[in-house]
């Protein structure tokens with residue numbers, strides 16, 4: 001349920017460059033090279049959440065695989081509820097061969113149900129050679145590799161209007177406190193500092209995760225993600241208090257808390273990059289650029305740019321990621337051909353196809369950054385790869401969906417309540433713990 005990206009990267013979301021290079025160009029699909037057409041006559045079915053431009057660009061990757069191997073491919077869009085759709089297809093005897101799984105929790109669920117085949121030694125060697133170990137960890141269950149992370153998101157980027165910051169005379173900040181100070185200066189110059197998408201609870205989880213990772217550190221982040229640390233821990237209360245500083249400051253949040261709660265993700269981007277700007281900055285992942293470019297015609301790097309989510313209280317600047325992992329289902333009619341597809345997806349050659357098409361980041365460090373169509377995407381990709389093992393996967397995506405992935409419930413709802421009234425971090429932490437304990441137990 002990659003709800004935070006499937007509908008966001010619309011059109012040619014390549015983050016078009018100020019230098020004039022367009023990410024939608026690049027001369028068409030990258031050739032998959034030779035191949036012995038060993039899979040001729042076979043069809044590999046692939047299920048995933050992607051629609052629109054994401055689906056079209058992934059199809060270019062599948063077409064390159066077909067050119068190399070002779071296999072045909074069929075993509076099935078599942079919508080957000082991958083688990084339910086795939087489960088029903090398995091029960092109906094119509095399982096796809098490969099599924100692009102958008103959440104660690106869903107991958108673990110599939111593995112524990114016995115639906116998945118461990119990946120081949122060829123794929124595992126490619127992962128060992130090309131990926132930071134953390135990506136193998138997130139693709140593994142009980143020490144066995146089941147998932148290959150093909151597409152990633154960089155969720156530690158704060159997007160801003162260069163005009164707004166220049167007018168206020170501020171530069172991209174290096175620390176969280178500097179960011180709030182810069183925001184107040186932006187506000188004094190006539191725009192609110194931040195547009196906050198409080199109507200979408202997932203954006204609030206991302207705010208929390210970046211603050212928590214930087215402030216509390218990766219070990220506590222991992223413990224909280226696995227619910228080995230309770231949400232009532234002092235580190236959680238402290239992070240909520242840090243986030244609450246921003247939420248309760250009317251100078252910082254466009255329209256105040258009430259308007260933030262009525263602003264969805266695309267609306268939050270519009271408030272910064274639309275025809276009538278109301279704020280200078282918006283926090284979310286690299287996919288903000290796609291909306292700013294495709295919907296509002298902004299040239300990325302000139303009209304819209306980003307700075308890394310800043311360090312909090314002397315911690316390290318966080319790098320929070322999300323991603324889609326390819327898995328092979330045991331019950332697929334062409335599971336062996338599906339495994340060959342994953343061996344291909346593990347190569348930099350496959351990643352280059354989508355990198356040239358745009359709207360894509362790869363965690364594969366063997367992918368030449370020159371394959372990306374513009375400087376801003378290259379910068380985000382470089383930051384993601386350079387973070388190595390300090391990258392942490394989106395915490396709510398690691399949680400049971402009842403807690404970390406359900407509209408109007410669990411963490412999404414409780415952080416919306418906190419945005420509405422950030423006066424009691426300790427009480428919010430207690431309510432989060434109650435909801436988490438119930439979901440993890442279930």
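The values are calculated or read from the model by the stated rules, or taken from the named source; none is laboratory data. All values derive from a computational prediction rather than experimental measurement. Here the Cβ is made from the backbone with ideal geometry for all residues, glycine too, and neighbour counts use every protein chain on show.
Output yes when any residue across region 75-94 is surrounded by fewer than 19 Cβ atoms within 10 Å (Cβ to Cβ), closer than 14 Å to residue 337 by Cα and in contact with a helix residue (DSSP H, G or I) (Cβ under 8 Å, 6 or more places away or on another chain), and no when none is. Looking for residues that are surrounded by fewer than 19 Cβ atoms within 10 Å (Cβ to Cβ), closer than 14 Å to residue 337 by Cα and in contact with a helix residue (DSSP H, G or I) (Cβ under 8 Å, 6 or more places away or on another chain), one finds none in region 75-94, hence no. When region 57-80 is filtered for residues that are farther than 18 Å from residue 37 by Cα and touching a residue at least 24 places away in the same chain (Cβ under 8 Å), the ones remaining, listed by number, are 57, 58, 75, 76, 77, 78, 79, 80. Looking across region 240-272, the residues that are within 18 Å of residue 421 (Cβ to Cβ) and under 21 Å from the mean Cα position of the chain (by Cα) come down to 243, 263. The residues listed here are 106, 141, 99; of these, the one that is in contact with a helix residue (DSSP H, G or I) (Cβ under 6 Å, 6 or more places away or on another chain), surrounded by fewer than 22 Cβ atoms within 10 Å (Cβ to Cβ) and under 25 Å from residue 406 (Cβ atoms) is 141.
Candidates 317, 292: the one that is buried (at least 20 other Cβ atoms within 10 Å of the Cβ) and part of a loop (DSSP other than H, G, I, E, B) is 317. Of the residues making up region 266-282, those that are closer than 22 Å to residue 407 by Cβ and part of a loop (DSSP other than H, G, I, E, B) number 0.
Within region 365-378, none of the residues are under 20 Å from the mean Cα position of the chain (by Cα), closer than 25 Å to residue 244 by Cβ and part of a helix (DSSP H, G or I). The numbered conditions (1) in a strand (DSSP E or B); (2) surrounded by 22 or more Cβ atoms within 10 Å (Cβ to Cβ); (3) modelled with pLDDT of 95 or more are all true for residue 158 except (2). Taken as a whole, the condition of being modelled with pLDDT of 95 or more, in the same structural domain as residue 340 (by TED's automatic domain parsing) and surrounded by 16 or more Cβ atoms within 10 Å (Cβ to Cβ) applies to residue 61. Flag not set for residue 384, criterion: over 19 Å from residue 212 (Cα atoms), buried (at least 23 other Cβ atoms within 10 Å of the Cβ) and under 19 Å from the mean Cα position of the chain (by Cα).
Of the candidates 263, 205, 242, the single residue that is assigned by TED's automatic domain parsing to the domain that holds residue 306, touching a residue at least 40 places away in the same chain (Cβ under 8 Å) and assigned to a loop (DSSP other than H, G, I, E, B) is 263. Of all the listed residues (272, 327, 282, 312), the sole one being under 30 Å from residue 73 (Cα atoms) and in contact (Cβ under 8 Å) with a residue 24 or more places away in the chain is 327.
Within region 273-295, identify whether any single residue is modelled with pLDDT under 95, farther than 30 Å from residue 420 by Cβ and within 22 Å of the chain's Cα centre (by Cα), and answer yes or no. Yes, because at least one residue in region 273-295 is modelled with pLDDT under 95, farther than 30 Å from residue 420 by Cβ and within 22 Å of the chain's Cα centre (by Cα).
So, residue 434, is that one in the same structural domain as residue 213 (by TED's automatic domain parsing), surrounded by fewer than 22 Cβ atoms within 10 Å (Cβ to Cβ), without any contact (Cβ under 8 Å) to a residue 12 or more places away in the chain and within 28 Å of residue 289 (Cα to Cα) or not? So residue 434 fails the test.
Consider region 326-364 and keep the residues that are crowded, with 23+ Cβ neighbours inside 10 Å and assigned to a strand (DSSP E or B). The one that is nearest to the chain's Cα centre (by Cα) is 361.
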